[in-house]
Amino acid sequence: MFRFTDRMASKALGKLLQGPKVCAEFAACKRCKVLSVENINPHVKKMEYAVRGPIVIRAGEIEQELKKGVSKPFADVIRANIGDCHAVGQKPLTFIRQVVALCSYPDLMESSQFPSDAKERAQRILEGCGGHSVGAYSDSAGVRVIREDVAKYISERDGFPCDPDDVFLSTGASDGIKSIMKLAMTGEGGDKRAGVLIPIPQYPLYTATIAEYNAYPIGYYLNEDKNWSLDMEELHRALKEAQPHCQPRAIVIINPGNPTGQVLTKENIQDIIRFAKDNNLVLMADEVYQHNVYASGCKFHSFKKVLMEMGPDYSSLELASFMSTSKGYMGECGFRGGYTEVINLDPGVKAMLVKSISAKLCSSVSGQAVMDVVVNPPRPGEPSYDQFKKEREMVLGQLAEKAKMVTETFNSIPGISCNTVQGAMYAFPSIELPKKAIQAAKDKGQAPDAFYCYNLLEETGICVVPGSGFGQVEGTWHFRTTILPPVEKLGEMLGRFRDFHIRFMDTYS
């Protein structure tokens, strides 16, 4: 047996100190790390996720500095970087939390503090769980009765049937999106790797996942001059330019839009469906903001409904649509509930999807319970209906008020323009940056809009995300902000923002 003695180790160390090359003796003596930044999966290194990027990390550091008494020109950090409703003060809806509490601790069924309809919902969910407990694993696709409730919700929403076997519950919408995108990969590299059409600006989940899977991002630009509308000519341009570099397999649509807040018209959706069919693409419809539509004349149309209305000529088009408990009026981000509905998927491919998600066992059953309440809320005549309706309308009403407030305020500031926030939870204003500011950013090795956002954070405590993290037309600069802070806090934030912008422009003009 080989034995490495102290003398051998000393000799090996001496050799190491004489030069950069690690000798075999020393390597045997002191094992190096297997993983380094240089040798880990290169696709993971390419991943970026702007909404939790370096500016957000700095915001956390500033919060800690404030707690330690470090003097700042502001009292607190306002986090407007991510759509985390409850983190900025939105109260949970009573009925959702009642049902989840009953599912988590069934002994509460004996309490008179809980209404009968909440108990009935919880009892139905528990009866579908192994051992009548949300602590048990569910089927990989989710608790059957919850999938049935999702199917009923989709059927009532669209006026067309939904099969519970086409519904897959997931850890937020993100997990479902990644599961479907994984199926679309070719498993090859170079010009044979899968191409995925994504909107620009886009939600960073998509570019991060595409990088992780070593796929090819096919960016199509939304038209800012037309309130971030989708021009079909742009889709054709993007596809044609990408075809020599990849095998286009899927198209992603975010409606209502993130980060842009636009709502697609029915006619636009019809054109997109035709494009997907004509070009043999899987259509991935991110519809997590379907409850968040505010602007007059705008309405949410699901891709499933429009597709079905277009008739049998489109019965072969593969569609996956995604929903979440994190957005809407619920804002239950931490429970990580979501669902995917797939239609027209080949039965063999659906079997592969089941196999793929089975490796993860199942999504959070508590999150599944929250999703059940979202799709099966109190009905008129039930004890909880009036309170539920009041709370829901209050949340959505305030979001509509804040969407208008944000749009009007940004448009009143010289050098900033902001399209109408028609839906979702964000604004994506355009900023005109002076040449001096652009040069200052270059000197610091930063994108100009990142330089702007860093200065905004350091001087005001407002944390937003630069547009370069979402994609934008070259030579334009943006940032994304949520509209989520309470009305009073949002007013304070916009006031801080206005003062900063004026100072910034004075400094760099």
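The values are calculated or read from the model by the stated rules, or taken from the named source; none is laboratory data. What you are looking at is a predicted structure, and each value in this text was computed from that prediction instead of being measured. Every residue, glycine among them, receives a Cβ derived from its backbone with ideal geometry; neighbour counts consider all protein chains shown. Just so you know, the surface numbers come from the protein's heavy atoms only, side chains and all, with ligands and any DNA or RNA stripped out. Shrake-Rupley method; radii C 1.70, N 1.55, O 1.52, S 1.80 Å.
The table below gives the values:
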{"quantity": "For peptides 192-198, 100-106, 380-386, 325-331, sequence by mean Cβ density within 10 Å, most packed first", "calculated": "325-331, 192-198, 100-106, 380-386"}
{"quantity": "All-pairs alpha carbon distance profile, the stretch 407-509, 5 Å steps from 0, percent", "calculated": "2, 12, 23, 29, 20, 9, 4, 0"}
{"quantity": "Efficiency of FRET from Cβ geometry, S71 and N280, R₀ 60 Å, rounded to 0.05", "calculated": "0.50"}
{"quantity": "For M308, solvent-accessible area (1.4 Å; no DNA, RNA or ligand), Å²", "calculated": "80 Å²"}
{"quantity": "Apportionment of accessible area to carbon and sulfur, the chain, percent (1.4 Å)", "calculated": "52 percent"}
{"quantity": "5 angstrom amide H check on G338, placed H, neighbours 5+ away", "calculated": "S170, G172, T325"}
{"quantity": "For the stretch 202-302, convex hull of alpha carbons as volume per residue, Å³", "calculated": "101 Å³"}
{"quantity": "37 °C / 0.692 mPa s Stokes-Einstein diffusion coefficient of the stretch 137-177, Kirkwood radius on C-alpha pairs, µm²/s", "calculated": "309 µm²/s"}
{"quantity": "Loop-resident sites, the stretch 190-258, for chymotrypsin sites (Phe, Trp or Tyr not before Pro), counting at most 14 other Cβ within 10 Å (DSSP)", "calculated": "none"}
{"quantity": "Part-to-part distance (alpha-carbon centres) for the stretch 80-131 and the stretch 185-262, which is given in Å", "calculated": "38 Å"}
{"quantity": "Debye intensity ratio I(q)/I(0), log10, the chain, q values 0.10 Å⁻¹ (C-alpha model)", "calculated": "-0.86"}
{"quantity": "Table column - 3J(HN,Hα) (Hz), the stretch 88-104, Karplus curve with 6.51, -1.76, 1.60, x for Gly and Pro", "calculated": "9, x, 5, 7, x, 6, 4, 5, 4, 5, 5, 5, 5, 4, 5, 5, 6"}
{"quantity": "Residue-by-residue Karplus 3J(HN,Hα) for the stretch 62-77, coefficients 6.51, -1.76, 1.60, Hz, glycine and proline x", "calculated": "5, 4, 5, 5, 4, 5, 8, x, 5, 6, 9, x, 8, 8, 7, 8"}
{"quantity": "Debye intensity ratio in log₁₀ form over the Cα atoms of the stretch 319-370, taken at each q of 0.22, 0.29 Å⁻¹", "calculated": "-0.89, -1.09"}
{"quantity": "Net lengthening on full extension, D443/E459 (0.36 nm per residue, minus Cα-Cα)", "calculated": "3.8 nm"}
{"quantity": "Estimated [θ] at 222 nm from DSSP helical runs (n ≥ 4, -39500 (n - 2.57)) normalised by residues in the chain, nearest 500", "calculated": "-13500 deg cm²/dmol"}
{"quantity": "Solvent exposure of the chain as accessible area per residue, Å², 1.4 Å probe", "calculated": "46 Å²"}
{"quantity": "3J(HN,Hα) from dihedral phi, the stretch 168-179, Karplus parametrisation 6.51/-1.76/1.60, rounded to Hz, x for glycine, proline", "calculated": "10, 7, 9, 7, x, 5, 4, 5, x, 4, 5, 5"}
{"quantity": "Cut-off under 5 Å, modelled amide H: who pairs with A250 long-range", "calculated": "G195, L197, V282"}
{"quantity": "L222 long-range amide H proximity, modeled H, under 5 Å", "calculated": "I200"}
